Amino acid sequence: MLLNIDNLRKSYGTPDGAVQAVVDVPSFSLESGQQTALCGTSGTGKTTFLNLIAGILQPDDGCIELDGCLISQANEAARDRLRARTIGYIFQTFNLLQGYSCIENVLLGMRFGPGADRRRAGELLERVGLGQRLDHLPRQLSTGQQQRVAVARALANRPKLVLADEPTGNLDPASAAESLGLIRETCRENGAALLLVSHDREVLGQFDNVRDLAEINRAAAWPSAREGLP
């Protein structure tokens, strides 16, 4: 089992001083190479859930075991190393560095893992259809092309797990379908598992394994959890 979660909990303080549970997941697991989509609308804790898995956030309680390592119990430096070695993250807003070219964005991502490899970075960008735009800045690319850079960056360190948070949310339907196919195909080619969150029925319809985040996350069933929380 690549990912195993038990009794995962995360809460945030509210403006009135109360404590609001955002993630309360009794159990969740993902096998190596498995591609799973989570159906999650606003307020179901989707981004918080992915950030906990990635080690960007630390849980209040519970266990996250990733590739045999307890990321939930590791300190920040250890979580950073594990994330760089094991996880690729495709953000909805791409999070590209605007002052750096396509290939530089991918190379910078590699520096947090085994090290920069210009040949592999170029091959990945070629694979996602950007071989002629290696030196273009993000602002010189279309939205769909920027997402392709984000996909290449996510796969640069040969991750075992790719997390994708609404990766087609900023794309038109045609570009969304093309990008989703690219993400799934490149994950298969690289042997990476994929955990994707979306509320788009067209996206969810492409997956054989779809889980409802509101059923996985008990906190999402509480009305107050939908009021302005991630």
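The values are calculated or read from the model by the stated rules, or taken from the named source; none is laboratory data. Since the model is a prediction, treat every value here as computed from it, not as a measurement. Cβ placement follows ideal geometry from the backbone for every residue including glycine, while neighbour counts extend to all protein chains displayed.
Looking at this structure, is ARG201 surrounded by fewer than 20 Cβ atoms within 10 Å (Cβ to Cβ), touching a residue at least 40 places away in the same chain (Cβ under 8 Å), within 30 Å of ASN217 (Cα to Cα) and among the charged types (D, E, K, R)?
no
Looking at segment 67-78, is at least one residue at positive phi, of a type in the set (D, E, K, R) and touching a residue at least 60 places away in the same chain (Cβ under 8 Å)? Checked against the condition, which is being at positive phi, of a type in the set (D, E, K, R) and touching a residue at least 60 places away in the same chain (Cβ under 8 Å), segment 67-78 yields at least one hit. Among the residues of segment 90-99, those that are in a loop (DSSP other than H, G, I, E, B) and surrounded by 15 or more Cβ atoms within 10 Å (Cβ to Cβ) comprise PHE91, GLN92, PHE94, LEU96.
Scan segment 13-21 and tell me whether some residue there is under 15 Å from LEU163 (Cβ atoms) and of a type outside the set (Lys, Arg).
No, because not a single residue in segment 13-21 is under 15 Å from LEU163 (Cβ atoms) and of a type outside the set (Lys, Arg).
For residues that are assigned to a helix (DSSP H, G or I) and of a type in the set (Gly, Ala, Ser), tally how many sit in segment 175-196. Of the residues in segment 175-196, 5 are assigned to a helix (DSSP H, G or I) and of a type in the set (Gly, Ala, Ser). Count of segment 56-114 residues, restricted to those that are among the aliphatic types (A, V, I, L, M) and touching a Cys at 6+ places or on another chain (Cβ under 6 Å), is 1. Being in contact with a helix residue (DSSP H, G or I) (Cβ under 7 Å, 6 or more places away or on another chain) and more than 22 Å from ILE183 (Cα to Cα) holds for only one residue in GLY45, GLY17, GLY40, and it is GLY45. In segment 195-230, the qualifying residues are those that are under 19 Å from the mean Cα position of the chain (by Cα) and among the polar types (S, T, N, Q), and the one that is modelled with the highest pLDDT is ASN209.
Among the residues of segment 136-174, just one is polar (S, T, N, Q), within 15 Å of the chain's Cα centre (by Cα) and not in a loop (DSSP other than H, G, I, E, B), namely GLN147.
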